[in-house]
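Here's the structure we're looking at; comments come further down.
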Amino acid sequence: MNAERKSGKFITFEGGEGTGKTTQIQLLAEGLRAQGYEVVTTREPGGAPGADSIRSLLVSGATDKWDPLSECLLLFAARREHLNKTIWPALRQGAWVLCDRFSDSTMAYQGYGHDVPKALIQSLYDAVVGAFAPDLTLILDLDVETGLDRANARNTETASREDRFERLDRSFHERLREGFLEIARQSPDRCAVISADNSPDVVGASIWKTVESRLDTRMAGA
Ligand SMILES: Nc1ncnc2c1ncn2[C@@H]1O[C@H](COP(=O)(O)OP(=O)(O)OP(=O)(O)O)[C@@H](O)[C@H]1O
Ligand SMILES: [Mg+2]
């Protein structure tokens, strides 16, 4: 799928609730823009009009509102729209695309968290996304309690109701964390695990160093 791109890079941010993905995407985007790169930030589920409609079905309401396989199908339908309408066009223009969650979240939440067969999720990936994959996936790792505390504090502050996944029980979130770490072990060339247990600036510096070294790009210090 290299024909989809000029010189843009596709970087995904993954990890459990409240690990700092949204915070760190903004920091990396600012750093890259300061270096003159064109940067598009986007998120899943969502990132395109049809995908945003699907997002609203997924992120609020009762935790058992969807059968996990239905949830997978909705997520991949949204992802297809996101790729076609936002991600691939931006990469073709040469932009760097920073994406807040992507397919590893489906594998972690619905696969490791809800026991949807992992091979089935992989088949959906192959059918919907094809040979395309992120150039780099940053997996933010943090103990579950700290992450949920951070996410709850943020939700109270912003009066967000997008907490359907956060309300799942503690063991679910532990499976998620282990799932992300296992994904990183299985795809070491694509994934880097970043400790998120530090101030945003320190985590951001570690991300900057990783992007610089993994993507073979000359970038001045952030
Ligand atoms: N390194 C950090 N130390 C302390 N607090 C942080 C740190 N990074 C982010 N936060 C705060 O924690 C909350 C959650 O951060 P953020 O929204 O970036 O996480 P997230 O991974 O995007 O969460 P979600 O999975 O719910 O989208 C926010 O209020 C944010 O300001
Ligand atoms: Mg977020």
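Some notes on this structure:
- Relative contact order for segment 2-214: 33 percent, from Cα pairs under 8 Å spaced at least 6 residues apart, divided by residue count.
- Intensity falloff of segment 2-214 expressed as log10 I(q)/I(0), Debye formula with alpha-carbon point scatterers, at q = 0.15 Å⁻¹: -0.97
- Contact order relative to length of segment 8-58, as percent, for alpha carbon pairs under 8 angstrom and 6 or more apart: 18 percent
- R0 of 35 Å, Cβ-Cβ distance A153-V128: FRET efficiency to nearest 0.05: 0.50
- Karplus 3J(HN,Hα) series, Hz, for segment 101-118 with 6.51 cos²θ - 1.76 cosθ + 1.60 (x for Gly, Pro): 6, 8, 5, 4, 5, 5, 5, 6, 6, 7, x, 5, x, 10, 6, 5, x, 5
- Scanning residues 5 or more positions from L140 or on other chains, those with amide H under 5 Å from its amide H are E14, G15, I194, with H placed 1.01 Å from N in the peptide plane.
- Backbone phi angles across segment 36-45, fed through the Karplus curve with coefficients 6.51, -1.76 and 1.60 (θ = phi - 60°), yield HN-Hα couplings of x, 7, 7, 10, 10, 9, 8, 8, 10, x Hz in residue order; Gly and Pro are listed as x.
- Lysines with Cα under 18 Å of K21, excluding same-chain neighbours fewer than 8 positions away: K9, K209
We did not get these values from a lab; they are worked out from the coordinates using the rules stated. The shown structure was predicted, so the numbers you read here are calculated from the model rather than taken from an experiment. So basically every Cβ, Gly included, is an ideal-geometry build from the backbone, and we count neighbours across all protein chains shown.
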